[in-house]
Amino acid sequence: MFDAQRQGRLSFYMVSAGEEALSVGSASILDKQDVIFCQYREQGVFAQRGFTLNDFMNQLFANKLDPGRGRNMPVHYGSRELNIHTVSSPLATQIPQAAGAAYGLKMQRINDPSLPPRVVAVYFGEGAASEGDFHAALNMAATRSCPVVFICRNNGYAISTPTLEQYRGDGIASRGIGYGIDTIRVDGNDIWAVREVTKKAREMALQNGGKPILVEAMSYRVSHHSTSDDSFAYRARVEVEDWKRRDNPISRLRKYMEAKGFWNEAKEKEARESIRRDVLKAFSQAEREKKPPIRSMFEDVYEELTPELKAQMRELRDHLEKYPDEYDVGEYEGGKSSLDL
Ligand SMILES: Cc1ncc(C[n+]2csc(CCOP(=O)(O)OP(=O)(O)O)c2C)c(N)n1
């Protein structure tokens, strides 16, 4: 998808390479009923929970099958069915929202003890943890004893800011202690360690009516920050190549599986080929799909269109009729007629 952006077929993309163990490993332990808030580099969480290739592609191409109706930038996925709140760009806003959601879950269970125990898991980068929202969220979750697992992905960089310039203390973990929150730091590139820690964190978060837990998972951002970034302007190519080779969570898992006899070169080749085929199929399907109706830009704020919105819609329709050669309305579901009142 990064290459597709370079070919001009997609407006924007963010890669999560190097952080797969962290997102897939933690999500594989969480219950399907648990509520999740992501930052934007947790594709593995979505995939592990059942977000399909078509779901990813429909959002990336902002077509009519995207439940967000094409209103978000690519990579801002969300899924009501999978209990994952929609990714939101302003950094760290998801952290207090997660503390609040966890408080909500706690209150629901106090009112109705027959409800199943659930936690909230929230992911964020070490850069986002410099925002005031991070601190407000931890304090609120600690004082209100909210069942939330804060999962910090410490991947070494916040765009061009290395951790050396991000904080002077001992990373993010030491902050949890200051708020009275049980905290653990884990090797985020070891999928088994991540699973173990998430399992324990979830159990602890549900103890005694609920409490927050902070996990700091150490990893490395192998990719550029996004398609808008060239990371070799601020870090050496050799540093990235070294991390890819020496501490890649996928090759680590592969070596483990090969040693156990679960995996080999033939299986690897077959998997890579079939995954590539599936990705390209979903890609071309989503690319061909129509965009949401133009009308949808006026909808979903009010249950019914207000007189002002109707007037604006009429104005837009008149404008499109006046300049038919300037706009390609054919790529939108229903074309201009979606603007008929
Ligand atoms: C409030 C706010 N400030 C700045 C930005 C611009 N911005 C987007 S991502 C990013 C870096 C975040 O780094 P980190 O939280 O460590 O996550 P990573 O990208 O490393 O996964 C910045 C500064 C933003 N989106 N929102």
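Readers should treat all values here as calculations from the given coordinates under stated rules, not as data from a laboratory. As the structure is a prediction and not an experimental result, all values here were calculated from the model. Here Cβ is always computed from backbone atoms with ideal geometry, including for glycine, and neighbour counts include all displayed protein chains.
Calculate the translational D of the stretch 1-160 in whole µm² s⁻¹ from Stokes-Einstein, where the hydrodynamic radius comes from the Kirkwood formula applied to all Cα pairs, the temperature is 20 °C and the viscosity 1.002 mPa s.
Values: Rh = 16.4 Å.
For these conditions, the coefficient is 131 µm²/s.
Pick from T306, T161, T227: which residue has the top mean-square fluctuation in a GNM of the chain where Cα pairs under 10 Å get a spring?
With Cα springs under 10 Å in the chain, the top fluctuation among T306, T161, T227 is at T306.
What's the exposure ranking of T198, T52, going from fewest to most Cβ atoms within 10 Å?
Starting with the residue having the fewest Cβ neighbours, the order is T52, T198.
Are there any trypsin sites (Lys or Arg not before Pro) in the stretch 261-314 that are in a DSSP loop and have at most 16 other Cβ atoms within 10 Å? List them by number.
Values: sites: K267, K269, R272, R276, R277, K281, R288, K290, R295, K310, R314; in loops: K290.
Answer in residue order: K290.
How large is the convex hull of the C-alpha atoms of the stretch 110-233 per residue, in Å³?
Working: hull volume 15.5 nm³, N = 124.
It comes to 125 Å³ per residue, whole-number rounded.
Compute the distribution of all C-alpha to C-alpha distances in the stretch 182-228, in bins of 10 Å from 0, and list the percent of pairs in each, rounded to whole numbers.
25, 40, 23, 11, 1
From zero up to wherever the largest Cα-Cα distance of the stretch 59-147 sits, split into 10 Å bins and tell me the percent of pairs in each.
16, 38, 31, 14, 1
Show log10 I(q)/I(0) for the chain at q = 0.13, 0.14 Å⁻¹, two decimals, from a solvent-free Debye sum over equal Cα scatterers.
The computed values of log10 I(q)/I(0) come out as -1.07, -1.18.
Note down, for the stretch 203-258, the three equivalent ellipsoid semi-axes (square root of 5 times each alpha carbon gyration tensor eigenvalue), biggest first, whole angstrom.
Values: eigenvalues 211, 76, 15 Å².
Value: 33, 19, 9 Å, ordered largest first.
Kindly give Rg over Rh for the stretch 168-271, based on alpha-carbon atoms, with the Kirkwood expression for the hydrodynamic radius.
Numbers: Rg = 17.9 Å, Rh = 16.6 Å.
Reported Rg/Rh, Kirkwood definition of Rh: 1.08.
Per-residue counts of other Cβ atoms within 10 Å, averaged by peptide: what ranking do you get for 188-196, 14-22, highest first?
Working: 188-196: 20.9, 14-22: 23.7.
Highest-to-lowest ranking by the protection proxy: 14-22, 188-196.
Taking every pair of distinct Cα atoms and averaging 1/r, then inverting, what Kirkwood hydrodynamic radius in Å comes out for the stretch 191-341?
Numbers: mean 1/r = 0.0454 Å⁻¹.
Here the Kirkwood hydrodynamic radius works out to 22.0 Å.
What list do you get for V238, V148 if you sort them by fewest beta carbons within 10 Å? Spell out each step's value before the answer.
Numbers: V238 8, V148 36.
Fewest-to-most ranking of V238, V148: V238, V148.
For K336, give me every one of the aspartates and glutamates with a C-alpha distance below 15 angstrom, ignoring sequence neighbours fewer than eight places off in its own chain.
Straight-line reach from K336, under 15 Å: E315, D318, E321, D325, E326, D328.
Could you work out, for the stretch 239-317, what percent of all Cα-Cα pairs fall into each 10 Å distance bin, beginning at 0 Å and stopping at the bin that holds the largest distance?
14, 21, 18, 14, 14, 15, 4
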